[in-house]
Structures are given as C-alpha cells and as structure tokens.
1. When the residues of the range A:114-129 are filtered to those that are assigned to a helix (DSSP H, G or I) and open to solvent by 10 Å² or more (accessible area, probe 1.4 Å), which remaining residue is nearest to A:G182 (Cα to Cα)?
2. Is it the case that B:D197 is more than 8 Å from chain A (Cβ to nearest Cβ) and surrounded by fewer than 17 Cβ atoms within 10 Å (Cβ to Cβ)?
3. Of (1) over 21 Å from A:I111 (Cα atoms); (2) open to solvent by 10 Å² or more (accessible area, probe 1.4 Å); (3) among the small types (G, A, S), A:A216 satisfies all except one. Which?
4. Could you please give the count of residues in the range A:53-66 that are within 14 Å of chain B (Cβ to nearest Cβ) and surrounded by fewer than 24 Cβ atoms within 10 Å (Cβ to Cβ)?
5. Just name the residue that is nearest to the other protein chains (Cβ to nearest Cβ) out of those in the range A:153-192 that are more than 23 Å from A:H107 (Cα to Cα) and among the small types (G, A, S).
6. Just give me the residues in the range B:155-166 being surrounded by 15 or more Cβ atoms within 10 Å (Cβ to Cβ) and either touching a helix residue (DSSP H, G or I) at 6+ places or on another chain (Cβ under 7 Å) or farther than 13 Å from A:F263 by Cβ (or both), in sequence order.
7. Residues of the range A:41-78 being at positive phi and of a type outside the set (F, W, Y), which ones?
8. Listed residues B:L122, B:L118, B:L86; which is in the same structural domain as B:T30 (by TED's automatic domain parsing) and closer than 25 Å to A:P210 by Cβ?
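The values are calculated or read from the model by the stated rules, or taken from the named source; none is laboratory data. Since this is a predicted model, take the numbers as computed values, not measurements. No Cβ is skipped: glycine too gets one built from the backbone with ideal geometry, and neighbour counts run over all protein chains shown. Quick note on the areas: whole protein, heavy atoms, side chains included, nothing else; ligands and nucleic acids left out. Shrake-Rupley method; radii C 1.70, N 1.55, O 1.52, S 1.80 Å.
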There are 2 protein chains.
Amino acid sequence: MKLTIRKVLKRLQEPITAEMPDSTVDKLITGEPDTIVTGIATAFMPSQSVIEQAIAMGANLLIAHEGLDYSHAGSAADLAADSVYLAKRRLIEQSGLAIYRFHDGIHRYRIDGITLGLIRTLGWEAYVSEHRAAASLLTLPRWTVRNIAKHLKQRLHVPFVRVVGDLDTLCECVGIAVGYRGGGATAIPLFGADGADLVIAGEGPEWETPEYVRDAVRQGKHQALILLGHAASEEPGMAELALTLQACWPGVPVRFLKDAPLFQWV
Amino acid sequence: MKLTIRKVLKRLQEPITAEMPDSTVDKLITGEPDTIVTGIATAFMPSQSVIEQAIAMGANLLIAHEGLDYSHAGSAADLAADSVYLAKRRLIEQSGLAIYRFHDGIHRYRIDGITLGLIRTLGWEAYVSEHRAAASLLTLPRWTVRNIAKHLKQRLHVPFVRVVGDLDTLCECVGIAVGYRGGGATAIPLFGADGADLVIAGEGPEWETPEYVRDAVRQGKHQALILLGHAASEEPGMAELALTLQACWPGVPVRFLKDAPLFQWV
C-alpha cells in the first residue's frame, strides 16, 4: 500500500498526550492529504533554502516547525503584495510541495519532542530531573557556564551564544526552555521558584529574562542565562523526528534539512 | 522656587504631539509628585546597577524608559515572592528614589525622541528622508553593511551586532526601527513596501524579520538586517533627554546612567 500524506500526519499525532490548544497553528498549509509521499523532509523553518533543498531531494512533503509567513500566528495579510513571500509561494506551487506545520503537536508529546531532541543532542538525557510542559530541569555535575557554552556550541554547531552572568559560575540546577520560552513568564520562575543556577533558552525579549539575570548577578547571586537562538534550540527535535519517520517507512527517503546559522556576528 | 517632581514630569509631556495610548505604561512607579528634586538620572532600564548609581550620585528621581519588573506591561504578579525583584524594591524604598517610567510619551514626541536620539548619536540627521511614528527612513551614501556595522559599534559602544545578509551589500535606503520594532509588523514593510536595502533595529522575534531577510537574500535581493540590541538602540534617546533636562535646570545635577552591554558573546 502506498504511503499517503494523511498516513504520515496520523503518525505524527500518535504520541500527543497533552491537550492541543483551541486554535492550533498546526495544519497542512499546502498540498492534499491523499497525495502519495515520494520523500519527506523535516526542518525548523520552511525557508526559501529549505524548500529548494526539499525539492532537490525529491521530497513532496515538508514537515516544518514554524510557518511560511514570518509570523507565529500565520496572519499573512501584510504579505499579500510582498515579492519575497509571493516568490516563495510560487516556488512551492510550481513544485507541488506539500507543507505541514507541526508546532503545537510535537511540543505536546508525552515528553516535549523538541525539548527532548535538544537534550539528547547534548547527551544530557541522564541528567534530567523533571520534564514539564514548557521546560525541563536537569542536575548537571557542577560545570562552569564557560564549559557548558563551549559544549552547546560544539554539539549544536552554532558560532556564538549570548550569555548573561559570570562565565565561571558553577551550574548544577539547569533549566532548558526551547524556542521563545526564554521569555520572562517561563524562564524567570525557573530561577526564582526552582532555584536554577542557569537557564538555557532559545530566545525571548531582552528586557525580560536577561535583565532579571543581570539584576540577580549584581545582587551577588550565582545565576546565568545562555541564549542559543531559536533555531539552534529547536532544530534537534525536528532532526530526531526525521529519524523516527525514517524508521517507520524505510523505503521512503526522509531527511532533516538544516539552514545555515541565521545571524552573522560582526 | 524649588523644583518638584511634578514640574519635571510636566516638562517631559510638553513635546508630546501624538495621541497617547488608552492604557499607557508611563507612570510614577515610586515616589510622590510634590517631592523636591535633588538630582535627576535618566536610563534605559531601571536595573539594580542603575538604581545604585542613581542613589550614589544623590539623585532622587530616576526617569527610565523600561519598567522595574522585567515585563513591558508591568504585571508583576509572578514576582510577588521573587527575591531578586523584592531586593530591588527594598533598595528603592530605603533610598526614597522616585522612578518615573517614560516610554510611550517620548516615543510620541513630534519626532520620536528615542529614534531621534539614535540618529543624532550616529551623526546621520542630515540623511533623514522621512520620520514616521514607528520608524525613520534615511538615504545614506551607498555604504556597505560592513562599514555601517562598524560605525554602529563604534558610536554606540556595543561589542557585537547581529547581521542577516551579505556584508558587502551597498545600502542607500535604510530604515531605523528602535527597540522591539524589529518585529515583522514594523520592519518587513520597510523592505517590501518602502524598498529598504537595510533595516537597523533593536530586537524582534528571530522567526519574523531575520527569516524574511534570509529568504530575500536567497532569492537574490540585496537586503540586510542589523540588530543592535534593544538597549543600544534606545539608550541614546534617554541620554539626550538628560541633556535637555540639564539645560532646563542648570542648578540640578542631571545625568544619563548607562549599563554595561547586557550580553557577553561567547
């Protein structure tokens, strides 16, 4: 029996245990559920480059964590006449590539699939003390912020990370908050209520968690924050998803497509 | 006649020409309007370090662009038991320092006072082609992104900026979007509708404007984005405010208090 997009999407939903939000962003943005799958690509962002790579590898289904239109909630109203957006949509239409956005679902696996992918890529699964919905807590062997930053850069292939706090701070209780969970609502309680020495996050507004940690350090507390970048924190989960799907259907080419780092640091 | 806080706040409002939002974040967070002013400090962020500096210089009024509680809208509910926040509040109470948040008002001066402060610090006032409410457009002499980034770092004393795009791109039409206006709603139309070669912004979600510019570059467009960091983009406006107030009341000590750069880049 041929593999349809519908069947792949059904498989993606199976590990979801937490309740989905009323208004989920997850959906088949382009393509039809009954199409026979010739190849599957997964990616953090359905960028122009990723779409070109998906087409080049012969995939006709791209499973992307973020949306097509440079906004979380997917309101593309302002892009109706935007030449960059329209050129990308044209390429997708001409290629017949189906794109499924898979954001809310994978974050609601029994253990958040994006967080778990990051922790596994770091080789830190044995250090996990608690998985929560929006963050995981780890007990590390009192490494310094400096050594942790070095490890993160090596494992995630990022040229730089942004750090608040003293690089010599020893970190035992560490919170991991992927993506935009670096915002104050999620990350600040990891310090204040959970006693984290360090939070490793994707990104978040600069005036929230970074300024909190700056104040904490000024008050003499031994706390630190490492911002990985949104993509670096969430790519491993989408890479792991490709391995899972490949194991389900060994006869279908499945690949994780990685973008180059988003920023140059000048 | 002695200078009261009330009188200083009245002076701050005078240049406001645009309508204030229904629910403004601007307010006297601590202190009383009838207190006699002994010294005035201005700052981007009322951080622990800035508050200590304000007290040390003998100021009893701090005019800060952002809030005390690590959130834009000022809902400090989650900080009720947070030791970092409580220690900062205690220091403020013990010192008697009055703190006025001045955010919405200065952004609504006839020309946005924060944007104008940045443009003046860069020495670019002569290049302005249009001031708008949320951004300004400049016509520069076709400098490269590389040279512009170097100039920004020197003038604003920031160790690094984040760049999307080719460093050799020549920039003539440049948009300036301070603070969090680097988000897609404000910054993407500067490229798409206004034809900017470069947008210089404070910060914004990574999946919005940065991913848009990455796609544009991949499609062969000569566009670039420079993210300065939120503080670096807004400090000059608060520094200029200190000069303005000093000129109003030469007998009162007035100083802009600058924090060290928020992040280390590791």
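1. A:L116
2. The answer is no for B:D197.
3. Unmet condition: (2).
4. Qualifying residue count for the region: 3.
5. Of everything passing the filter in the range A:153-192, A:G192 is nearest to the other protein chains (Cβ to nearest Cβ).
6. B:R155, B:L156, B:V158, B:V161, B:V163, B:V164, B:G165, B:D166
7. Those that are at positive phi and of a type outside the set (F, W, Y): A:G58, A:G74.
8. B:L86 is the lone residue from the list that is in the same structural domain as B:T30 (by TED's automatic domain parsing) and closer than 25 Å to A:P210 by Cβ.
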